[in-house]
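No lab work stands behind these numbers, since they all come straight from the coordinates. If you're wondering where the values come from, they're calculated on a predicted model, not measured in any experiment. No Cβ is skipped: glycine too gets one built from the backbone with ideal geometry, and neighbour counts run over all protein chains shown.
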Amino acid sequence: MRSFFRVVSTVFRGFLIGLAETVPGVSGGTIALVVGVYGALIDGAARFVRAGVGLFRGKLAVSRRELSGVVWVVVIPVLMGMAGGVILGAALLEPVVTEFPEETRGVFAGLILASLWIPWRMVGSWNTRLGLAALAAATLMVVFTGMGPLNNPDPSFWAVAPAAALAMCALVLPGVSGSFLLTVMGLYQPTIEAVNDRNVEYLAVFALGALAGLALFVRALQYLLENHRAITLAIMTGLMAGSLRALWPWQGEGRELLGPGENLAGVSLGTIAGVLVVVSVVLVERFWLPRVNRSHLS
C-alpha cells in the first residue's frame, strides 16, 4: 500500500509540472523543485542522453549502464503525470487563464514567490558574487518578460522544432517558462491547438525539437550543478525572481505594467492561495511523503 501511494503521489507531482507548463509565465522546472523531483529528472535526462550517444556509437554496455542508473520509479510516474497535466491544462486551464487573467496570474505569482526560498536555501552561504549573479539573472528575466508577444497563427515546421528545443531548455531550467517562450515566439496558441486537436504531425515535429533541446542543454546544466553548484543555483533564484514580472496581474496587451484594478481583493486572495499551496506541498513533502530522490536534492 505504501508503495502504491508513493507511485500515485509521484504521478501527481508530474501532473502539477505538466499543468504548470501550459501556463505562460509559470516554470515547470520551478514546480519540479517544489515537489522534490527536479534532481531525479535532471539526472535521468542526462543519463538518457548519454545512453543515446553510447547507442549511436555502438557502445551498448555504456547505454545499459547509464539506463540502469536512472531512477525509473520517479521518472516514469512523473512523465505519465506530466502528459496528463499538459492535456488537461490545454483543454481546461488555458480558457480559465483567458477568462480570468488577473486572478490566475495572481495565483501563480504566489506560487513562484513562495518557491523562491527553495533554490535560495540550496545555494547555502550567499556572498557578494552570488548576489550579483542572481541580480543580473533577475534583471535579464525582467527585460525578457517585458517583450510583447508575436502573432504566428500558421507556423512553419522549420520554426516549430527550434521553438520546441528552446521550450524544453526552459522546462529544465527553473524560473524560465517554456509556455512563455512559445508565447513570445508566437507559437503558444498553435501548440495548444495542436494538443487539443491531436495534430500528430505538428506534435511529432515539436517532440523531435524538444528531444534535441534536451540533448543539447541538460548535460551542460548537470555539469554546472555538479561543478559550479552555488552560482548556478543563485542564477536560478534570480531567474525565478525576475519571472514574477510576467505574472504581475494587471498588464496591457503589449505586456506593459498597469496599476491595480478593481479586483485587487480577488487577486490578493489568489496570491495568498498560491503561497499556501506551495507551503502545503513542501510540508507534505517533508513530513508525510518519502523522499525518493533525497540524494539528488541534498
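Exposed loop positions in the chain were taken to be chymotrypsin sites (Phe, Trp or Tyr not before Pro) whose DSSP state is not H, G, I, E or B and which have at most 16 other beta-carbon atoms within 10 angstrom. Between these positions, the longest stretch is 127-287.
The phi-based Karplus calculation (6.51 cos²θ - 1.76 cosθ + 1.60; θ = phi - 60°) puts the 3J(HN,Hα) values of the stretch 201-214 at 5, 4, 5, 5, 5, 4, 5, 5, x, 5, 5, 5, x, 4 Hz, whole numbers, x for Gly and Pro.
Panel order for 195, 73, 160, by other beta carbons found within 10 Å of each beta carbon, from fewest to most: 73, 195, 160.
Coupling constants for the stretch 237-245 follow from the phi torsions by the Karplus curve (6.51 cos²θ - 1.76 cosθ + 1.60, θ = phi - 60°), and in residue order they are 4, x, 4, 5, 5, x, 5, 4, 4 Hz; glycine and proline get x. Take every pair of alpha-carbon atoms less than 8 Å apart whose residues are at least six positions apart; their mean separation over the length of the chain yields a relative contact order of 31 percent. By its C-alpha gyration tensor, with a ≥ b ≥ c as the square roots of the eigenvalues, how is the stretch 176-251 shaped: rounded for a/c under 1.5, else prolate for a/b larger than b/c, else oblate? The shape class here is oblate.
For the stretch 9-137, what does the alpha-carbon gyration tensor say about shape, rounded, prolate or oblate, given a ≥ b ≥ c as the root eigenvalues, a/c under 1.5 as rounded, and a/b over b/c as prolate? Taking the square roots of the gyration eigenvalues as a ≥ b ≥ c, the stretch 9-137 is oblate. Calculated FRET efficiency, residue 98 to residue 53, Cβ-Cβ distance, R0 = 25 Å: about 0.05 to the nearest 0.05.
Taking the fewest neighbouring Cβ atoms within 10 Å as the starting point, the ordered list for 141, 236 is 141, 236.
Amide H to amide H, with H built 1.01 Å from N, residue 251 comes under 5 Å of 258, counting only residues 5 or more places away or on other chains. Each of residue 264 and residue 197 was given a label point 7 Å from its Cα along the Cα-to-Cβ line. The distance between the two points is 4.3 nm. For the stretch 212-254, what does the alpha-carbon gyration tensor say about shape, rounded, prolate or oblate, given a ≥ b ≥ c as the root eigenvalues, a/c under 1.5 as rounded, and a/b over b/c as prolate? Oblate shape, in that a/c is at least 1.5 and b/c is the bigger or equal ratio. When only the Cβ of Lys, Arg, Asp and Glu is charged (+1, +1, -1, -1), the dipole of the stretch 2-297 relative to its Cα centre reaches about 1700 debye.
The order of 105, 121, 255, going from fewest to most other C-beta atoms within 10 Å of their C-beta, is 121, 255, 105.
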